[in-house]
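The values are calculated or read from the model by the stated rules, or taken from the named source; none is laboratory data. Everything numeric in this text was worked out from a predicted model, so none of it was measured. Every residue, glycine as well, gets a Cβ built from its backbone with ideal geometry; the counts of neighbours run over all protein chains shown. Keep in mind that these areas ignore ligands, DNA and RNA; they rest on the heavy atoms of the full protein, side chains included. Shrake-Rupley method; radii C 1.70, N 1.55, O 1.52, S 1.80 Å.
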Amino acid sequence: MKLYEEQQLSIYNSLSKSKEVFKPIHEGAVGMYVCGPTVYSNVHMGNCRTFLSFDLVFRYLKHLGYKVRYVRNITDAGHLENDGESGDDPILKKARLEQLEPMEVVQKYSVDFHDVMGRFNALPPSIEPTATGHIIEQIDIVTKLIDLGFAYEKNGSVYFDVLKFNETNTYGKLSGRQLEDMISNTRELAAQSEKKNPQDFALWKKAEPQHIMRWPSPWSEGFPGWHLECTAMSTKYLGKQFDIHGGGMDLKFPHHECEIAQAEASNNESPVNYWMHANMLTLNGKKMAKSTGNNILPHELFSGDNNILSKAYSPTVAKFFMYQAHYRSILDFSNDALEASEKGYNRLMDAYRSLDTLPTEGKSSLDISSWRQSCYDAMNDDFNSPILIAQLFEAVKMVNGVKEGVETLSETDLKTLKQTMHAFIFDVMGLLDISSEENKDGSRLDGAVGLLIELRNQARANKDFATSDRIRDELLEVGIQLKDGKDGTTYSLN
Ligand code: AMP
Ligand code: ZN
């Protein structure tokens, strides 16, 4: 018997705005599509939060015994600012800036993304298609939409006719926006716009002469609109209707709204059964974003080379920190919160490691099977990882109770406890046991550098700048950078 037959998973569906019991289209199998990164710069921790939220979903579905086909794309063309009305293609912009081929930009940041995901121990998706690898599929959809009267061509570009679509369908149902409100809230169309209405969005754009990423099509040499790639790739690999579609909350409108419109217009059916949206990671109370610079990059976190944190944190601790909030809640990134998560993680791992030496008795004083079910209940309730973690801390208490001799565990219960903790910590959350070697090395290094910082402070107090400079410079030579801040001196690894 598969676990999914005994556990009832509910998912909050952003489309119905309610929790629904999860029932896949094909029994035992799940199709899931998640919008991937636009690869024109390094992913920041906000992006990582969304991808790690869906790693948790992927892992839990697999843990329940489902055969999951997880498709997560790479946006390597077409993600225009402002739907191409006045904006540029960020990949092209970056290519110009760094004097690289656009595909070099794509390669560089795809490699970075995979590296970061690997460090977080996120599982790779089953399929990772690219927009540029699916131009033919996208052209096919545009052709179909024109034939069906849902799209029109203007000067070699093609736009989706939102008003026409809204005659038979509802545009705005995912984001809860009314088309009438959108119309009355928008200013007049810019004089140079080719669109019939400001709500219309680009399916195909004719390339300006300087635009080097271009493909032939029946309408012009050009490139596809951003929303179209996800419709093309999700349909190709998961079918016209599939189970789960995810992304960050900020993609609901217009991206996912447009995906629904494209799919409904071309296939006459609603493409997705469960829409899932992960909430934002904030820094200083504001959304982390590439464009504003209000962000922290994973390598800055792992090395400690940043102005936000007092020290370096491991990827596993950062992941644990993120899972201490539910994926639909906003989460603020701060040194205090990470420090607390690190302590919590260490406490959890200490308890887990001590299971091997725990004494057993004939009878248990603890109810392990109902505790085990509470872990499942937490995850079955829309992947509620903070409640799951609270249950794991209940286990820590139980372990300590047994150690102190105030509680007892039978051999079978100890086995269940260990299996369950293992399953949720390592399989479902995908945490790593970094305590062992990495942590030991880390604390040795902390101790040694701490001593040198102290000696340097003494030297400076004695105005012995030759010694204090030597300590700083020679540490730098071996890749350890000292940073003097208002709260004292910290270090980072270069
Ligand atoms: P992009 O590369 O800009 O298309 O973004 C990749 C993913 O990261 C999308 O699903 C976004 O919704 C998500 N994302 C962007 N900023 C944040 C943030 N501050 N917190 C969480 N997710 C984010
Ligand atoms: Zn998408």
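Any residue at all in the range 172-191 that is assigned by TED's automatic domain parsing to the domain that holds His255, out of contact with any Pro (no Cβ under 8 Å at 6 or more places or on another chain) and closer than 19 Å to Pro218 by Cα?
no
Among the numbered conditions (1) in contact (Cβ under 8 Å) with a residue 60 or more places away in the chain; (2) touching a Pro at 6+ places or on another chain (Cβ under 9 Å); (3) open to solvent by 40 Å² or more (accessible area, probe 1.4 Å); (4) not charged (D, E, K, R), tell me where Leu203 comes up short.
Of (1) in contact (Cβ under 8 Å) with a residue 60 or more places away in the chain; (2) touching a Pro at 6+ places or on another chain (Cβ under 9 Å); (3) open to solvent by 40 Å² or more (accessible area, probe 1.4 Å); (4) not charged (D, E, K, R), only one is false for Leu203: (3).
To keep it simple, each residue is scored yes or no on (1) within 13 Å of ligand 1 (Cβ to nearest atom); (2) in contact (Cβ under 8 Å) with a residue 60 or more places away in the chain; (3) part of a loop (DSSP other than H, G, I, E, B); (4) surrounded by 15 or more Cβ atoms within 10 Å (Cβ to Cβ).
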residue	(1), (2), (3), (4)
Tyr4	no, yes, no, yes
Ile11	no, yes, no, yes
Lys19	no, yes, no, no
Tyr33	yes, yes, no, yes
Val43	yes, yes, yes, yes
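Search the range 246-267 for residues that are closer than 22 Å to Ile11 by Cα and at pLDDT 95 or above and pair each with any residue that is within 8 Å of ligand 1 (Cβ to nearest atom) and basic (Lys, Arg) when their beta-carbon atoms are under 8 Å apart and the residues are at least 6 apart or on different chains.
Taking only residues 6 or more apart or on different chains, the pairs are Asp250/Lys287.
Does the range 222-238 contain any residue that is away from ligand 2 (no atom under 16 Å from the Cβ), modelled with pLDDT of 95 or more and surrounded by fewer than 20 Cβ atoms within 10 Å (Cβ to Cβ)?
The answer is no; no qualifying residue exists.
Looking only at the range 45-65, which residues are over 12 Å from Phe120 (Cα atoms) and within 7 Å of ligand 1 (Cβ to nearest atom)?
Result: Gly46, Asn47, Thr50.
Would it be correct to say that Ile368 is outside the structural domain of Asn166 (by TED's automatic domain parsing), of a type outside the set (Gly, Ala, Ser) and open to solvent by 40 Å² or more (accessible area, probe 1.4 Å)?
So Ile368 fails the test.
Is at least one residue of the range 91-106 among the polar types (S, T, N, Q) and touching a strand residue (DSSP E or B) at 6+ places or on another chain (Cβ under 7 Å)?
no
I need the full set of residues from the range 341-355 which are touching a residue at least 12 places away in the same chain (Cβ under 8 Å) and either open to solvent by 70 Å² or more (accessible area, probe 1.4 Å) or farther than 30 Å from Glu411 by Cα (or both), in order please.
Ser341, Glu342, Arg347, Asp350, Arg353
Among the residues of the range 85-106, is there at least one that is buried (at least 19 other Cβ atoms within 10 Å of the Cβ) and of a type in the set (D, E, K, R)?
Yes.
Assess whether Val478 counts as being open to solvent by 40 Å² or more (accessible area, probe 1.4 Å) and under 39 Å from the mean Cα position of the chain (by Cα).
For Val478, the condition - open to solvent by 40 Å² or more (accessible area, probe 1.4 Å) and under 39 Å from the mean Cα position of the chain (by Cα) - is met.
Within the range 93-110, can one find any residue that is hydroxyl-bearing (Ser, Thr, Tyr) and closer than 30 Å to His26 by Cβ?
No, every residue in the range 93-110 fails to be hydroxyl-bearing (Ser, Thr, Tyr) and closer than 30 Å to His26 by Cβ.
What's the number of the only condition in (1) out of contact with any His (no Cβ under 6 Å at 6 or more places or on another chain); (2) closer than 26 Å to Leu148 by Cα; (3) within 12 Å of ligand 2 (Cβ to nearest atom) that Trp219 fails to meet?
Checking Trp219 against (1) out of contact with any His (no Cβ under 6 Å at 6 or more places or on another chain); (2) closer than 26 Å to Leu148 by Cα; (3) within 12 Å of ligand 2 (Cβ to nearest atom), the one that fails is (3).
So which of Ile425, Ile387, Ile434 is open to solvent by 60 Å² or more (accessible area, probe 1.4 Å) and under 23 Å from Gln324 (Cα atoms)? Spell out how you get there, then give the answer.
Numbers: Ile425 fails: open to solvent by 60 Å² or more (accessible area, probe 1.4 Å); Ile434 fails: open to solvent by 60 Å² or more (accessible area, probe 1.4 Å).
Every option except Ile387 fails the conditions.
Filtering the range 448-474 down to residues that are closer than 22 Å to Ile308 by Cα and open to solvent by less than 60 Å² (accessible area, probe 1.4 Å), which residue is farthest from the chain's Cα centre (by Cα)?
Result: Ile453.
Return the residues of the range 82-112 that are of a type in the set (Ser, Thr, Tyr) and within 22 Å of Cys48 (Cα to Cα); say none if nothing qualifies.
Hits for the range 82-112 are Tyr109, Ser110.
Any idea which residue in the range 239-256 is farthest from Glu20 (Cα to Cα), counting only those that are within 12 Å of ligand 2 (Cβ to nearest atom) and either hydroxyl-bearing (Ser, Thr, Tyr) or open to solvent by 20 Å² or more (accessible area, probe 1.4 Å) (or both)?
By that ranking, first place goes to Pro254.
State which residue pairs qualify: first residue under 12 Å from Leu482 (Cβ atoms) and inside the range 458-471, second residue hydrophobic (A, V, I, L, M, F, W, C) and surrounded by 10 or more Cβ atoms within 10 Å (Cβ to Cβ) in any location, beta carbons under 6 Å apart, and separation of 6 or more residues or different chains.
That search, which allows pairs on different chains as well, returns Ser468/Ala459; Ile471/Leu452.
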